[in-house]
Amino acid sequence: MSMSSSEPTIVVTRRWPAPVEEELLRRYPGVRLNSADQPLSRAELGEALGMADVVLPTVSDRIGPELFDGALRTRFIGNFGVGFNHIDVDAARRRGVVVTNTPGVLTDATADLAMMLMLMVARRAGEGERELRAGEWTGWRPTHLLGAEVAGRTLGVVGMGRIGRALARRAHFGFGMDVVFCQRGGPVEPPVPGARRLAGVDDVLAAADFVSLHIPGGGANSGLIDAGRLALMKPTGFLVNTARGDVVDQCALAAALRTGVLAGAGIDVYQDEPSVPTALRELENVVLLPHLGSATLSTRIAMGMAVLDNLAAFLDGREPPARVA
């Protein structure tokens, strides 16, 4: 659908990197930016969908089916992010709303962060920094904060997409790790020499020393890693999640970490962001980051420019390059 005959009304739900906002204003002078950078309430999101031709949300904006009921002016939702389970794409499709995302541009940044979480939790880096900052470090000693080796261990990747493949390359070529993985669908080319595709999630959890999740949220993946599956992991194993918060049962994870079912975890995403369960925050053997997977300046600029590419195609009556609905 082309809307090039008139200036579209555009709402951006959060602050974007300055170069992207400047480009937005250059192309669309009437765009409404969120200069206060405060999250929009459910009512405000509904109002935006009712009055704007275009809404540009982020992964923290939950656009459920109820927001597509009633009067709806919006015809294009350009998500700033690759994950889109926070948007009811079926409801959007029924109402004729095009939805796009930003795949590809955040692969390396997120893979870097997953590797960092593996290293941090294995080497107890978070514990060490907290101890030092609290003035409790008493000096070097042979038994202080002994961690686990990463080099030469087995990495299990659940979801061998772009980010999973990028992490596998870092782990194998950088740290000599063996790689096992599972992936839904047809044939998958092994990401590194010797990588083994296993039958399913359970097999990966049982075989790996480090398990990294790289699957979409929502649907069948919601609560995929529950108490039963955590119990399949080695008691010396570590879980890393940079995918979506809802794929892990956070209460079950906290219990598993507390009782020694697994050794540790590195988590960047949570089910009800920005809320993080107290049960996780109180544990020392989990590294908790505030959803930083794509948080490099160049990556966030690239994400914003990808949204603009999708929007420009839609307004010109062309198929957006990253359409999901």
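Listed values, structure above:
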| quantity | calculated |
| --- | --- |
| Positions within the range 1-28 being open to solvent by 60 Å² or more (accessible area, probe 1.4 Å) and at pLDDT below 95, in sequence order | 1, 2, 4, 5, 6, 7 |
| Residue check for residue 192: open to solvent by less than 40 Å² (accessible area, probe 1.4 Å), at negative phi, in contact (Cβ under 8 Å) with a residue 24 or more places away in the chain and part of a loop (DSSP other than H, G, I, E, B) | yes |
| Yes/no for residue 265 being of a type in the set (A, V, I, L, M, F, W, C) and open to solvent by less than 20 Å² (accessible area, probe 1.4 Å) | yes |
| Qualifying position, being open to solvent by less than 40 Å² (accessible area, probe 1.4 Å), under 15 Å from residue 14 (Cβ atoms) and in contact (Cβ under 8 Å) with a residue 24 or more places away in the chain, among 68, 80 | 80 |
| Residue in the range 150-160 that is open to solvent by 60 Å² or more (accessible area, probe 1.4 Å), farther than 16 Å from residue 293 by Cα and in a helix (DSSP H, G or I) present | no |
| Every residue from the range 83-105 that is over 22 Å from residue 295 (Cα atoms), open to solvent by 60 Å² or more (accessible area, probe 1.4 Å) and either in contact with a strand residue (DSSP E or B) (Cβ under 7 Å, 6 or more places away or on another chain) or part of a loop (DSSP other than H, G, I, E, B) (or both) | 95 |
| Cβ pairs under 6 Å, 6+ apart, first in the range 172-186 and free of Cβ contacts under 8 Å to residues at least 40 places away in the same chain and surrounded by 12 or more Cβ atoms within 10 Å (Cβ to Cβ), second of a type in the set (D, E, K, R) and not in a strand (DSSP E or B) | 177/153 |
| Top-ranked residue in the range 262-283 [being touching a strand residue (DSSP E or B) at 6+ places or on another chain (Cβ under 8 Å) and of a type in the set (D, E, K, R); ranked as farthest from residue 219 (Cα to Cα)] | 281 |
| Options 75, 32, 42; residue that is surrounded by 13 or more Cβ atoms within 10 Å (Cβ to Cβ), touching an Asp or Glu at 6+ places or on another chain (Cβ under 7 Å) and not aliphatic (A, V, I, L, M) | 75 |
| Some residue of the range 290-303 being surrounded by 17 or more Cβ atoms within 10 Å (Cβ to Cβ), in contact with a strand residue (DSSP E or B) (Cβ under 6 Å, 6 or more places away or on another chain), small (Gly, Ala, Ser) and assigned to a loop (DSSP other than H, G, I, E, B) | no |
| Lone qualifier among 53, 108 - being under 17 Å from residue 306 (Cα atoms) and of a type in the set (D, E, K, R) | 108 |
| Test: residue in the range 140-149 that is of a type in the set (S, T, N, Q) and surrounded by fewer than 17 Cβ atoms within 10 Å (Cβ to Cβ) | yes |
| Residues within the range 261-295 that are farther than 18 Å from residue 123 by Cα and more than 14 Å from the chain's Cα centre (by Cα), tallied | 9 |
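Quick grid of which residues meet (1) touching a strand residue (DSSP E or B) at 6+ places or on another chain (Cβ under 9 Å); (2) modelled with pLDDT under 95; (3) more than 19 Å from residue 266 (Cβ to Cβ):
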position	(1), (2), (3)
156	yes, no, no
177	yes, no, no
199	yes, no, yes
218	no, yes, yes
222	no, no, yes
243	yes, no, no
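Matching residues to (1) under 30 Å from residue 170 (Cβ atoms); (2) in contact with a helix residue (DSSP H, G or I) (Cβ under 7 Å, 6 or more places away or on another chain); (3) charged (D, E, K, R):
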{"residue": "17", "(1), (2), (3)": "yes, yes, no"}
{"residue": "29", "(1), (2), (3)": "no, no, no"}
{"residue": "35", "(1), (2), (3)": "no, no, no"}
{"residue": "42", "(1), (2), (3)": "no, no, yes"}
{"residue": "52", "(1), (2), (3)": "no, no, no"}
{"residue": "65", "(1), (2), (3)": "no, yes, no"}
{"residue": "75", "(1), (2), (3)": "no, no, yes"}
{"residue": "84", "(1), (2), (3)": "yes, no, no"}
{"residue": "98", "(1), (2), (3)": "no, yes, no"}
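The values are calculated or read from the model by the stated rules, or taken from the named source; none is laboratory data. Fair warning: this is a prediction, and the values are worked out from it, not measured in the lab. Methodologically, a virtual Cβ is constructed for each residue, glycine included, from the backbone with ideal geometry; neighbour enumeration extends over all protein chains shown. Accessible surface is based on the protein model in full, side chains and every heavy atom, while ligands, DNA and RNA are left aside. Shrake-Rupley method; radii C 1.70, N 1.55, O 1.52, S 1.80 Å.
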